[in-house]
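In what follows, a structure is listed as structure tokens, so that the remarks can point back to it.
The values are calculated or read from the model by the stated rules, or taken from the named source; none is laboratory data. Model, not experiment: these values are computed from the prediction. We place every Cβ from the backbone using ideal geometry, glycine too, and count neighbours over all the protein chains shown. Just so you know, the surface numbers come from the protein's heavy atoms only, side chains and all, with ligands and any DNA or RNA stripped out. Shrake-Rupley method; radii C 1.70, N 1.55, O 1.52, S 1.80 Å.
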Amino acid sequence: MELSFETRPVRYLGHILHETGRQEETAEVIVPDSCPDVERVVFASASALLRGTECRTGSVLISGGIRASALCVPEDGTSPQKLDAYLPFSLRMEHTAIAERTQVFPELFVRQVDARLVNSRKILFRVDLGCTLDGYEQKELTVYTLQSPPQQLQLRTQTYPVLLPTETSEKSFTLSDELELPSGRAQPTEILSYETRPEVTDCKVVGSKAVFKGNLCLHVLYRNAEGGLGVWERQLPFSQFCDLTGDYEQAQMDAQVVVTSAELELDASDAHRLLLSVGMTAQCVVSDTLTLTLTEDAYAVGAVLEPEWTQYDLECRLDRQTLRDAVRQQIGGEIAGVVDTAVYLDAPYLERDGGAMRVKAPLTLRVLYQDASGALQGTAVKSEAAVETALCENARCFASAFACGSSVQAAADGAEARTEVTFRLSCSASQQLQTLSGGTLELCTERDPERPSVVLRAPRGRESVWEIAKQYGTTVQAVKEANHLDSELVEEGQLLLIPM
């Protein structure tokens, strides 16, 4: 007879893509006629803005722009001048798993930035852009439940709680604020450069809402009314939520926020006030625990079973970790005072050593400083942040890194920089499972005359009662009762009486 099953679909998101792409963008910018000839460039900064993504079969196109600034020292010895540039970009990333319906989450970052003189009236900006792309697609598996199992059929079932991505959501929002500089500071007259860095500090799922909060770090380099340069940094909190299609009780959530636009200007009516407007998009991934009850093994007593099996291959979340590293860098030269710093991190890469995983991220620190004569100078030093965690061989690790700030202390032979880097690690492993999904059962009408009624047997190592009962075509309950067993495992050396 044919075995009859009930079926239940289970939908989830497959994490099909985690790739990093890199691209160099360049632009030549003419010095305005109102500015004197440039002698040298002492500092450069850049940040990336996301405009949109477009998925096609086999590739995704990420578009946006790069805000770049250079601080230049004129030949005539007057105050440093700034020069801004906007570099639009289109970054195409190819992967066979990408389709038009793939849900992609890009994370843009500037790997390095440089600004050099072509001549006294022209500056070349060169920006190394990076993008880490995660992609998800809708998947479905079928869970099979046997209806009214025949008494001859012996079943071994197991219930697995499996943590899988189930839903994504996005939310675009704008953070606008009027910011007051401390009253003790000299009046700012010009914004030379600024950077906006969002960080999610907490996220959770509440019913049908993906709730997240964090801080937007604003870092500003400006010229003041006394002709000097000043740096100001401010943490601006934000709190938002995304609507979800499902309703969850104990789901987990990952969230990242990318900047889509940024504007900062001096308030014409108040010299100590800055007007800020930053557009951001939050990208949320919700993972829920799906309970799968599977019939992992089956055999028949007094019958012949021809089973059909369905295999599952699931990428399951193991854990999330937040690790930190303090990177120290030596900076040579005569440094009388540090004016400003900018940190650029490359995408993390992984090195496996047995059960240990080392995660590293190349780092470039740009420093604007004054030498012993008071002249502005600039330099860049390279280093690497690294953390280590335990990871089993069949597991995978996805890592992101961001700089939490940098401080530089002048010394007799230069200076020492300390940069705090935070790594966020998400570990998963591939799990292969199977379940009985079909088959036939034919009853045996005659007993084999050579089949014994009882067998005396010693276990071969630590064996399960299930394995022994299956081998001899009897039931687990019969073996347990005949030998007064409570455990599912039989110790080596114990003689068993097996009813047939």
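Numbers at a glance
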quantity	calculated
For the stretch 34-97, accessible area per residue (1.4 Å probe, heavy atoms of protein chains only), Å²	43 Å²
Among Gly333, Ala347, Thr364 the positive-end extreme of the charge dipole of the stretch 330-378 (Cβ point charges)	Ala347
Relative contact order %, the stretch 28-122, counting alpha carbon pairs below 8 Å whose residues are six or more apart	36 percent
For the stretch 1-138, convex hull volume per residue from C-alpha positions, Å³	110 Å³
Against the rule of thumb 2.2 N^0.38 Å, how large the Cα Rg of the stretch 202-295 comes out	1.64
Where GluC sites (Glu not before Pro) fall in DSSP loop in the stretch 152-238, at most 10 other Cβ within 10 Å	Glu226
Separation in nanometres of the label points that stand 7 Å from Cα toward Cβ, at Ser239 and His272	2.9 nm
Relative contact order (percent, whole number), the stretch 342-500, Cα cutoff 8 Å, 6+ residue spacing	16 percent
Environment charge at Asp114 (Cβ cut-off 14 Å; Lys +1, Arg +1, Asp -1, Glu -1)	+2
Dipole of the stretch 347-474, positive end: most advanced residue of Gly414, Trp466, Cys404 [Cβ charges, Cα centre]	Trp466
Ser261 accessible area, 1.4 Å probe, all protein chains in place, Å² to nearest 10	50 Å²
Whole-Å distance, taken between Cα centres, linking the stretch 343-420 and the stretch 265-292	25 Å
Sequence-separation-based contact order of the chain, relative, with Cα cut under 8 Å and 6+ spacing, percent	15 percent
Leu495 accessible area, 1.4 Å probe, all protein chains in place, Å² to nearest 10	100 Å²
Debye, to nearest 20: dipole size of the stretch 1-112, +1 on Lys, Arg Cβ, -1 on Asp, Glu Cβ	540 debye
The chain - Kirkwood radius from inverse mean 1/r over Cα pairs (Å)	27.5 Å
About the Cα centre, charge dipole magnitude for the chain (Lys/Arg +1, Asp/Glu -1 at Cβ), debye	280 debye
Coil-residue GluC sites (Glu not before Pro) of the stretch 255-338, DSSP, other Cβ within 10 Å capped at 16	Glu334
Low-density loop cleavage sites - GluC sites (Glu not before Pro) in the stretch 389-433, where at most 13 other Cβ are within 10 Å (DSSP)	Glu393
Candidate residues Thr293, Thr389: accessible-area rank, largest first, probe 1.4 Å	Thr293, Thr389
Calculated P(r) of the stretch 364-438 - Cα pairs past 21 Å, %	54 percent
